[in-house]
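What follows is a single structure, written as structure tokens, with notes after it.
The values are calculated or read from the model by the stated rules, or taken from the named source; none is laboratory data. Owing to the predicted nature of the structure, the values given are computational and were not obtained by experimental measurement. Heads up, the Cβs are rebuilt from the backbone with ideal geometry, glycines too, and the neighbour counts pull from every protein chain shown.
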Amino acid sequence: MLSDEVARLSEGPARPVAHNRRVPSDCTTYLYQCRSLLSPIRRMPPEIMAHLFDISSPRLRTTQYRYICFVPLLALSQVCASWRVIILGTPTLWRSISLSWQSDNASCTTKWLTAFLNRGAQCALHLKIFNVCPAVFELLMPHSDRWRTAKFSFSEPTELGLLSAAKGRLSSLQRLEIGCAEGPDTLPLDVSKDAPNLRNLVIHRGLLLLFAASSPPLEQLQVFKCSDLITGEEVGAALDIMSHLSPASAFSINLKFGNWQGNSISRFDLPQTSSSINKLSIQVAIAAYTGGDCILGLSDILASLTLPHLNELLLDRASESNCVHIPWPHAGFMGLATRSLFHHTLQSLHLIMVAITETELLEHVGVDMHLITDTLLAKFTLPVDPDSAAAAPLLVPHLRTLECSSLLKFDDSVLLDFLHSRRPVSEAHEPFKLDMTWPEGRYRDFHPVVFARLRELRIQKQLLVCVWGTRGSCFFPPMYI
């Protein structure tokens, strides 16, 4: 066996060979070669290596590669012969394509795009194409029946017509995102006919009004998102689309207040809208000087909605807003909660970077950053006898997940009572989940008795708790209790 051969060579030759002084050197080289064959990386199954390549090779834009040999997958294939065989012989490694067209780098782009399309065989394609041009679409169109997810960003409305060549060939498409700086006169696709299996659709503001005016059937969609909305007309069109979505679908809207063009609005004039969606996400890009516009706009949106089947609501700040917090539209939310009977339906409320007081928090179902106190936890704790006349009003009786950032000022026993009360009533229900972070410099140890009890509940599959954050300047990885 090879291991025995390595052991024999490691002992060295029994006698020096006089007529060949190079034998010891040759034996040493042979020994190194044998040892390399026993290295763990060489004994890894090809399927595992292919998976490692898949998760470690980034799909970066071609603007970062001036030469085709620098494309990550092609660079990996040049390490050794065995890696080259695995990479070139695994079509799934070539299924994700992300590129941004630049005329001064056209040769490299077309070469590696052709290589990806050919090496991918018949695998489903995942595309992200920025600055779309005819040369790119000429290469992509013969493979349009393989598109699984696609994101296209067009610079000119005339270029949007390139998509019309894919009509009737998008049976595999499940997610589509289209953006264009300006809206064209007509849409190139009828999503209900040309993409019958489409489930996730993202439309940017340049196309939203035209899409809403076409009134396409939307029953097939499970997720719909409107992005970069500025004017009241665009918001109204987005809410009209939401009203036509099928039950149990998710709707997401991205708003910009105080955008770079200097546009600003004070109020939205919106009609009353009812929808059967079960998830609503509102993401806000806000500048420091537009807080008044933001709270008025959000209040108008919430005041126009009735969502009787909503069980998850998210309000988040867009990444470009820096450290600006979203002002909380308290009156608008309370009106929406009353009309939509949130006390019976809402299960998850995500408030991220929202400025809210504890008084407002305790009045409804909110969870603000850091405001995890004994009072709040007690309000979330289910009573032992919920039918008792002495039972206090309860926040979110069907709460199944709590994600928060906390200063850790609460009493650990109060936290334990809250989590203990939220245990699933039967094995058919999923365990309650708590995901808690803390700001830098705020960490403290949990009480050992409480910690042990939480771990016991986790072992019994009644609870899943994850706490993580920073200690000093060091990141503390997630600790699953």
Problem set entry | Which listed residue is more than 21 Å from His143 (Cβ to Cβ) and within 23 Å of the chain's Cα centre (by Cα), from Asp228, Asp185 | Asp228
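Residue under question is Arg148, and the condition is that it be out of contact with any helix residue (DSSP H, G or I) (no Cβ under 8 Å at 6 or more places or on another chain) and surrounded by 15 or more Cβ atoms within 10 Å (Cβ to Cβ); does it hold?
Working: out of contact with any helix residue (DSSP H, G or I) (no Cβ under 8 Å at 6 or more places or on another chain): yes; surrounded by 15 or more Cβ atoms within 10 Å (Cβ to Cβ): yes.
Against the criterion (out of contact with any helix residue (DSSP H, G or I) (no Cβ under 8 Å at 6 or more places or on another chain) and surrounded by 15 or more Cβ atoms within 10 Å (Cβ to Cβ)), Arg148 qualifies.
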For this session: Working only within the stretch 118-139, note down all residues that are at negative phi and under 26 Å from the mean Cα position of the chain (by Cα).
Result: Gly120, Cys123, Ala124, Leu125, His126, Leu127, Lys128, Ile129, Phe130, Val132
Problem set entry | Residues satisfying the stated conditions in the stretch 414-453, i.e. of a type in the set (A, V, I, L, M), under 28 Å from the mean Cα position of the chain (by Cα) and either surrounded by fewer than 15 Cβ atoms within 10 Å (Cβ to Cβ) or in a strand (DSSP E or B) (or both) | Ala428, Leu434, Met436
Exercise. Which ones in the stretch 132-142 are surrounded by fewer than 17 Cβ atoms within 10 Å (Cβ to Cβ) and either within 12 Å of Ala165 (Cβ to Cβ) or of a type outside the set (Gly, Ala, Ser) (or both)?
Worked result: Pro134, Glu138, Leu139, Met141, Pro142
For this session: Examine the stretch 459-468 for a residue that is surrounded by 12 or more Cβ atoms within 10 Å (Cβ to Cβ), assigned to a helix (DSSP H, G or I) and modelled with pLDDT of 80 or more, and state whether such a residue exists.
Result: no
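Would you be able to tell me the number of residues in the stretch 326-349 that are among the aliphatic types (A, V, I, L, M) and either surrounded by fewer than 21 Cβ atoms within 10 Å (Cβ to Cβ) or on the phi > 0 side of the Ramachandran plot (or both)? Full working, then the answer.
At the first step, the residues of the stretch 326-349 found to be among the aliphatic types (A, V, I, L, M) are 326, 331, 334, 336-337, 341, 346, 349.
Still in the running and either surrounded by fewer than 21 Cβ atoms within 10 Å (Cβ to Cβ) or on the phi > 0 side of the Ramachandran plot (or both): 331, 334, 341.
Count: 3.
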For this session: Would you mind telling me which numbered condition in (1) modelled with pLDDT of 70 or more; (2) outside the structural domain of Leu99 (by TED's automatic domain parsing) Ser82 fails?
Result: (2)
Exercise. Where in the stretch 116-202 are the strands (runs of 3 or more DSSP E), entirely inside, with at least 1 residues that are closer than 21 Å to Trp101 by Cα and among the aromatic types (Phe, Trp, Tyr)?
Worked result: 125-130, 147-154
Seminar exercise, completed: For the stretch 154-182 the number of residues that are crowded, with 17+ Cβ neighbours inside 10 Å, within 20 Å of Asn254 (Cα to Cα) and not charged (D, E, K, R) is 5
For this session: Kindly list, by first and then second residue, each pair from a residue in the stretch 127-155 that is among the hydroxyl-bearing types (Ser, Thr, Tyr) to a residue that is assigned to a helix (DSSP H, G or I) and surrounded by fewer than 18 Cβ atoms within 10 Å (Cβ to Cβ), limited to pairs with Cβ atoms under 8 Å and residues at least 6 apart or on different chains.
Result: Ser144/Ala165
Exercise. Any idea which of Leu210, Leu229, Leu221 is in contact (Cβ under 8 Å) with a residue 12 or more places away in the chain, buried (at least 19 other Cβ atoms within 10 Å of the Cβ), out of contact with any Phe, Trp or Tyr (no Cβ under 7 Å at 6 or more places or on another chain) and under 20 Å from Lys256 (Cα atoms)?
Worked result: Leu229
